[in-house]
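J.: Handing you a structure now.
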C-alpha cells in the first residue's frame with residue numbers, strides 16, 4: 001500500500017491519528033459486514049426478533065447497549081429489493 005509519499009509519523013499525536021483512523025476504518029468495514037449478514041440471515045428465514053436478540057447478546061457482551069428489533073426492521077426496510 002502506498003503512503004502517498006508522506007513521512008512516517010513523528011509525534012505521538014500523528015501516530016494516534018493514524019491508529020484511530022485504522023480503528024474507524026475497521027469499524028466501518030465491520031458495520032458493512034454486519035449489515036450483509038443481517039440481510040442474509042433475514043433472507044434465509046431468521047426473524048427480526050431473533051436477529052435483534054443475537055445482536056443484543058453480542059453488544060451487551062462487549063459492554064454496549066441492547067439492539068432493538070426496530071433497528072433490524074429499519075435496516076431490512078431500507079434494503080428491501082436491493083441486491
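Here's the yes/no breakdown for (1) in contact with a helix residue (DSSP H, G or I) (Cβ under 6 Å, 6 or more places away or on another chain); (2) surrounded by 11 or more Cβ atoms within 10 Å (Cβ to Cβ); (3) modelled with pLDDT of 95 or more:
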residue: 1; (1), (2), (3): no, no, no
residue: 8; (1), (2), (3): no, no, no
residue: 11; (1), (2), (3): no, no, yes
residue: 44; (1), (2), (3): no, no, yes
residue: 71; (1), (2), (3): no, yes, yes
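J.: Filter the stretch 5-48 down to the residues that are in a loop (DSSP other than H, G, I, E, B) and within 27 Å of residue 69 (Cα to Cα) and list them by number. Explain how you work it out, then say what you get.
T.: Initially, the stretch 5-48 is screened for residues in a loop (DSSP other than H, G, I, E, B), giving 5-11, 44-47.
44, 45, 46, 47, listed by residue number.
J.: Related question: Looking at the structure I just gave you, is residue 35 out of contact with any strand residue (DSSP E or B) (no Cβ under 8 Å at 6 or more places or on another chain), in contact (Cβ under 8 Å) with a residue 24 or more places away in the chain and surrounded by fewer than 16 Cβ atoms within 10 Å (Cβ to Cβ)?
T.: On the way: out of contact with any strand residue (DSSP E or B) (no Cβ under 8 Å at 6 or more places or on another chain): yes; in contact (Cβ under 8 Å) with a residue 24 or more places away in the chain: yes; surrounded by fewer than 16 Cβ atoms within 10 Å (Cβ to Cβ): yes.
The answer is yes for residue 35.
J.: Please specify each residue of the stretch 55-74 satisfying the condition of being within 16 Å of residue 31 (Cβ to Cβ), in a helix (DSSP H, G or I) and without any contact (Cβ under 8 Å) to a residue 12 or more places away in the chain. Reasoning before the result, please.
T.: Taking the stretch 55-74 first, the residues within 16 Å of residue 31 (Cβ to Cβ) are 55, 58-59, 62, 64-65, 67, 71-72, 74.
Adding the requirement that they be in a helix (DSSP H, G or I) leaves 55, 58-59, 71-72, 74.
Matches in the stretch 55-74: 58, 59, 74.
The values are calculated or read from the model by the stated rules, or taken from the named source; none is laboratory data. Owing to the predicted nature of the structure, the values given are computational and were not obtained by experimental measurement. Please note: Cβ atoms are built from the backbone with ideal geometry, for glycine as well, and neighbour counts cover all protein chains shown.
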